[in-house]
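Remarks on the structure that follows.
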Amino acid sequence: MPHETVRLTMAQALVRYLCNQFTEIEGERVPLFAGVFGIFGHGNVTCLAEALETVQDKLPTWRGQNEQSMALAAIGYGKARLRRQIMIATSSVGPGATNMITAAGVAHANRLPLLLLAGDTYTNRLPDPVLQQVEHFGNPTTTVNDGFKPVSRYWDRITHPAQILSSLPQAIATMLDPADCGPAFIGLPQDTQELAYDYPVAFFEERLWTIPRPRPSRDQVAAAADLLRTAKAPLILSGGGVRYSGAGAALAEFATTRGIPMAETIAGKGAVVHDHPAYVGPLGIEGTDAAKALAESADVVIAVGTRLQDFTTGSWTTFGDDTRFININTARFDALKHRSLPVVGDALEALADLDDALGDWACDPARMADAQQLYADWNRMLDEGQAPTNTTPPSYAQVIAVVNKMAKHEDTMVTAAGGLPGETVKNWRVKSPNTFDCEFGFSCMGYEIAGAWGHAMAKGGEGTPIVMVGDGSYMMMNSDIYSSVLSGHKMIVVVCDNGGFGVINRLQTGMGGAGFNNLLKDSRVVNRDNPLHVDFAKHAESMGAYARHCDSLADLEAAMDWAQGADRTTVLTIASDAYAWTPGGADWYVGVPEVSEREGVRAARSGQEEFRKKQRPGV
């Protein structure tokens, strides 16, 4: 008997397939693909858009303003849904497609799911060179979409309608695999989108996807338990994988029961609340002195769901040469880093197995007592730094304290590159689990507002995304303020205006260089003594948002109260000090000239050479 078929264009078949993929979240059956962010051009409007228009009740399409920002919004959605639901971003060919490459890098670095569908040039080449085509004389198969290869976990170009039969399931499996999770890119040549094909009806049957939870090897768990029993000064390091595994509560219970202090990475921040009794704050360059001291004294570190980025490890100066690592991770690549004893598996499953294998072992209570004292000292320092003063403009720490105070337990703080990651990671006191999103895997300026649009969609009115963004990032990407007003997804945006790229100025001058081309006053501007500043409140109002400029911390508190009650996106602006930073944390390996005429640079080079002597061997 021949298989039953249905005749569809490739674009129609692709959309029908995506509409029939489902998953379960807390027992509720939901679409795996929650929607599409799209900007249409000649590469996707006549075929793919034609197919999407017919399924708006199943797969809603949201109009973006910029291809990069709409893809960042899709990432924010996936992050808010803890990688359990996926958004799609589609663009035309050429610049529309290449605008999404940066977003693909964000998803790749942060191990987040994102399906990218971009138009592509004609496979038959009859009309070449076509609009927005970049010609490669020695390889006519190359298009700008090949630029997605370094920043995609799965990459394909559909040159025949039948190819989606194998490609789409593989793309989905990649995005849902905890070890391989990342962006999937599929290029859609314009003449392939239009072609009709007799697809098997079975291909479009509804499918329920689940995220695998691989169990670790018994031998690896046993070896980890044996090593941990020898520890006198252990430390837990909780990464973003803990949050995506849903293992935050289990890890916190493990830390409490076993008497092991618990630090977090930047991606992991928010697995537990700020005042959890085992918690000692984030570790690393943007971390607490408490976590740093405990890492330096640790003999065994249990790293869970982390890729051990340099901002966590202090460029590998935070740990001793003899420190042993137990590395729990779904990805073998991560689990083997720095001579770790690998436990390859899901965080929640691996913790349960390790807990069983440990029997009645617990660390000496003195270790936790020391940790709690160190963390109490850190919190006293935070209180002093956050306390209001008569100094103007206020510091980041003081601004963050006000916003944090006025945030509701269900609100999510969203930030990304610049000075605010370090300041929020240190100063923001998480009130509820999974309400903190600092994109620092790719450190992408512009993620803040776009990512918050995705968060607002994912939250569905249960809490409000609160964006902390600097003037530099705001200027790079702000159009999704307009998107959020158009679509009815409220966020609160707090713009901290420090007159330029403040944190890079800090690095530049801290390494002995002259302030140059970072702060407005150090740039080639008409009036360096009083450079023109953007009126961010008026700018936001022009995009339909409510807005208010705040002259003081008291103004900011009142404005936050007003913003919480507003019915749409609200933007608050306040000047902030470009030179006041929260102390603490580890140092960082950066390039400093070996020779320079500047005494400050020579001194910084000497300091770097001494610092690098502390680096732990990476073998």
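The values are calculated or read from the model by the stated rules, or taken from the named source; none is laboratory data. If you're wondering where the values come from, they're calculated on a predicted model, not measured in any experiment. Note that each Cβ is placed from the backbone with ideal geometry, even for glycine, and that neighbours are counted across all protein chains shown. Heavy atoms of the whole protein, side chains included, go into the accessibility calculation; ligands, DNA and RNA do not. Shrake-Rupley method; radii C 1.70, N 1.55, O 1.52, S 1.80 Å.
Across the alpha-carbon set of the stretch 129-186, the Rg to Rh ratio works out to 1.05, Rh being the Kirkwood radius. For the stretch 123-162 versus the stretch 471-504, the spacing of their alpha-carbon centroids is 34 Å.
Gain on full extension, evaluated as 0.36 nm per residue between GLU541 and VAL55 minus their Cα-Cα distance, stands at 171.6 nm. Only protein atoms count toward the accessible area here, which uses a 1.4 Å probe; on the stretch 111-160, the carbon and sulfur part of that area reaches 54 percent. Against the empirical 2.2 N^0.38 Å (N residues), the stretch 31-81 has a Cα radius of gyration ratio of 1.16.
Which residues does a label at GLU206 reach in the stretch 1-24, if reach means a backbone N under 14 Å from a point 7 Å past the Cα toward the Cβ? Counting backbone N atoms under 14 Å from the label point, the list is 19-24. Legend: calculated FRET efficiency, GLU253 to TYR589, from the Cβ-Cβ distance at R0 = 30 Å, rounded to 0.05, equals 0.25. Take the chain with all the other protein chains still there, run a 1.4 Å probe, and you get 41 Å² of accessible area per residue.
Mind giving me the nanometre distance, one decimal, between the label points for VAL534 and ASP219, set 7 Å out from Cα along Cα→Cβ? In this crude spin-label approximation the distance works out to 5.7 nm. Over all directions, the projected convex hull of the C-alpha atoms in the stretch 460-556 averages 8.0 nm² in area.
Projected label points at ALA162 and PHE137, each 7 Å from Cα along the beta carbon direction, are separated by 3.8 nanometres. For the pair the stretch 258-282 and the stretch 385-463, the centres of their Cα atoms are 17 angstrom apart. Over the stretch 442-508, Cα pairs under 8 Å with separation of 6+ residues give a relative contact order of 39 percent.
Of all segments of the chain bounded by trypsin sites (Lys or Arg not before Pro) found in a DSSP loop with no more than 11 other C-beta atoms within 10 Å, the longest spans 1-523. Ligands, DNA and RNA left out, the 1.4 Å accessible surface of the stretch 1-72 is 49% carbon and sulfur atoms. Using every pair of distinct Cα positions in the stretch 371-438, the Kirkwood expression returns a hydrodynamic radius of 12.8 angstrom.
Stretching the chain fully between ILE25 and ARG125 yields a gain of 31.5 nm (0.36 nm per residue, less the alpha carbon separation).
Summed over qualifying helices (DSSP H, 4 residues or more, each -39500 (n - 2.57)) and divided by its residue number, the chain shows a 222 nm mean residue ellipticity of -10500 deg cm²/dmol. A straight chain from TRP562 to PHE516 at 0.36 nm per residue would run longer than the Cα-Cα distance by 12.7 nm. DSSP loop chymotrypsin sites (Phe, Trp or Tyr not before Pro) in the stretch 437-533 with at most 15 other Cβ atoms within 10 Å of their Cβ, which ones? Those that pass, being in a loop and sparsely packed, are PHE516. Taking GluC sites (Glu not before Pro) across the stretch 575-610, the ones in a DSSP loop with at most 15 further Cβ atoms lying within 10 angstrom of their Cβ are GLU594, GLU597.
Modelled spin-label separation between SER432 and ASP226, with each label point placed 7 Å from Cα along the Cα-to-Cβ direction: 4.5 nm.
Which percent of the accessible area of the stretch 261-314 is formed by carbon and sulfur heavy atoms (probe 1.4 angstrom)? Exposed carbon and sulfur together represent 51 percent of the surface. Roughly speaking, what % of Cα-Cα pairs in the stretch 190-284 are separated by over 22 Å, rounded to a whole number? Percentage above 22 Å: 51. Measuring from a point 7 Å past the Cα of ARG63 along Cα-to-C-beta, which residues in the stretch 13-45 have an amide N at less than 20 Å? In the stretch 13-45, the label zone of ARG63 (backbone N under 20 Å from the point 7 Å along Cα→Cβ) covers 35-45. Cross-link partners for LYS431 among the lysines, with Cα-Cα distance under 20 Å and sequence neighbours closer than 8 places in the same chain left out: LYS79, LYS269, LYS405, LYS408, LYS459.
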